[in-house]
Every structure is written in C-alpha cells, then in structure tokens.
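J.: I'd like to ask you about the structure that follows.
The values are calculated or read from the model by the stated rules, or taken from the named source; none is laboratory data. Quantities reported herein were computed from a predicted structural model and do not represent experimental measurements. Glycine gets a Cβ as well: all are built from the backbone with ideal geometry, and neighbour counts include every protein chain shown.
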C-alpha cells in the first residue's frame, strides 16, 4: 500500500464517521432544535449544515466535478435560517456522499491527487489559491468540516443533554 492510498483511506474513514455522527445527532433533534442558536450572534445547526453543503458544493462539486457555482455564503450564515429536520438530514448526506465520491475516485486514481482543478476559477479564499492541488483541497477540508461537525454535536448536547451514540 502506498502513501497516497493510506491518506485516502484515512480521509474516507474520517468523512464516513463524520457523516454517521452528524446523522445520528440530527435524528435525535426536533425541528426547533435544528434552527435554535445559543445566542443571536451564534450559528444554528441549520446554518452549519447549510455552510457544510455550500462549502462541499464549491470545493468539490464545482471545482472538481464541474457543477455550476451556486454557493451563497451570506445565506448560509443568515440569522433565523429555517431548515426542516428532513432537509438537514438530506443536505448532510448529500454533502458527505459527494466528498466520499471524490475520495473513491482518488483511491482508484491516486496520481490525480496532484491535479490543479482550480486554475480557471476565482480564488475561493485566502487558505488556498488557484495553484492548490486536489490533495491540498482534501486536507484543507479535512481540517475545516470536522470543526463544524463538532459544533453540531455541541449544540445538540446543549439542547438534549446526553445523546444516544448507536
């Protein structure tokens, strides 16, 4: 097994675990819990799910899979964003399924990790420029997305106390 395969397998395990724990948590919440935020300035679980979805769309679907860019960052963080529990589950699943799809493609073609899929795109943010490789994108999101998974779990614990982890 080469180092590329080891890294891809690690990322697959992590994203599959984050997908599972996000689903397990959301399933235990009410509609009210999904849109609740600890303070008026804080994000709700709806905001975090919308942001994960927007980020995955921009970084994976648009840049890597060629979908048109439709991310609306201001809506992702809109105070009072409404989202049903069903929509939260669906958006979360779709987002993690997309990342897993890209990783499975990379696993079958590890040489593609060094491709530069962003050359013809505007710069996404200061973290990566248009010279970023697919590997850099995956590692950047490996840091970014799990922090939001942790926030979702923390907010859920604030609402429910103990959660069931089955």
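J.: Looking at (1) at negative phi; (2) at pLDDT below 90, can you tell me which one residue 101 breaks?
T.: (2)
J.: Keeping to region 73-107, report how many residues are under 23 Å from residue 131 (Cα atoms) and exposed (fewer than 14 other Cβ atoms within 10 Å of the Cβ).
T.: Residues that pass the stated criteria total 2.
J.: Further question on the same structure: Which one is modelled with the highest pLDDT, of the residues in region 1-29 that are assigned to a loop (DSSP other than H, G, I, E, B) and surrounded by fewer than 18 Cβ atoms within 10 Å (Cβ to Cβ)?
T.: Looking at the filtered set, the residue picked out is 28.
J.: Still on this structure, I have one more. Inside region 143-161, can you point out the residues that are more than 25 Å from residue 12 (Cα to Cα), part of a helix (DSSP H, G or I) and free of Cβ contacts under 8 Å to residues at least 60 places away in the same chain?
T.: Within region 143-161, just 157 meets the criteria.
J.: Shifting gears a bit: Quick check on region 82-94. Is at least one of its residues in a loop (DSSP other than H, G, I, E, B) and under 18 Å from residue 151 (Cβ atoms)?
T.: Checked region 82-94: at least one residue is in a loop (DSSP other than H, G, I, E, B) and under 18 Å from residue 151 (Cβ atoms).
J.: Here is a follow-up. So how many residues does region 1-29 have that are more than 19 Å from the chain's Cα centre (by Cα) and either under 27 Å from residue 164 (Cα atoms) or without any contact (Cβ under 8 Å) to a residue 40 or more places away in the chain (or both)?
T.: 5
J.: Filter region 30-56 down to the residues that are surrounded by fewer than 22 Cβ atoms within 10 Å (Cβ to Cβ), assigned to a helix (DSSP H, G or I) and without any contact (Cβ under 8 Å) to a residue 40 or more places away in the chain and list them by number.
T.: If the condition is that a residue be surrounded by fewer than 22 Cβ atoms within 10 Å (Cβ to Cβ), assigned to a helix (DSSP H, G or I) and without any contact (Cβ under 8 Å) to a residue 40 or more places away in the chain, then 32, 54 are the ones that fit.
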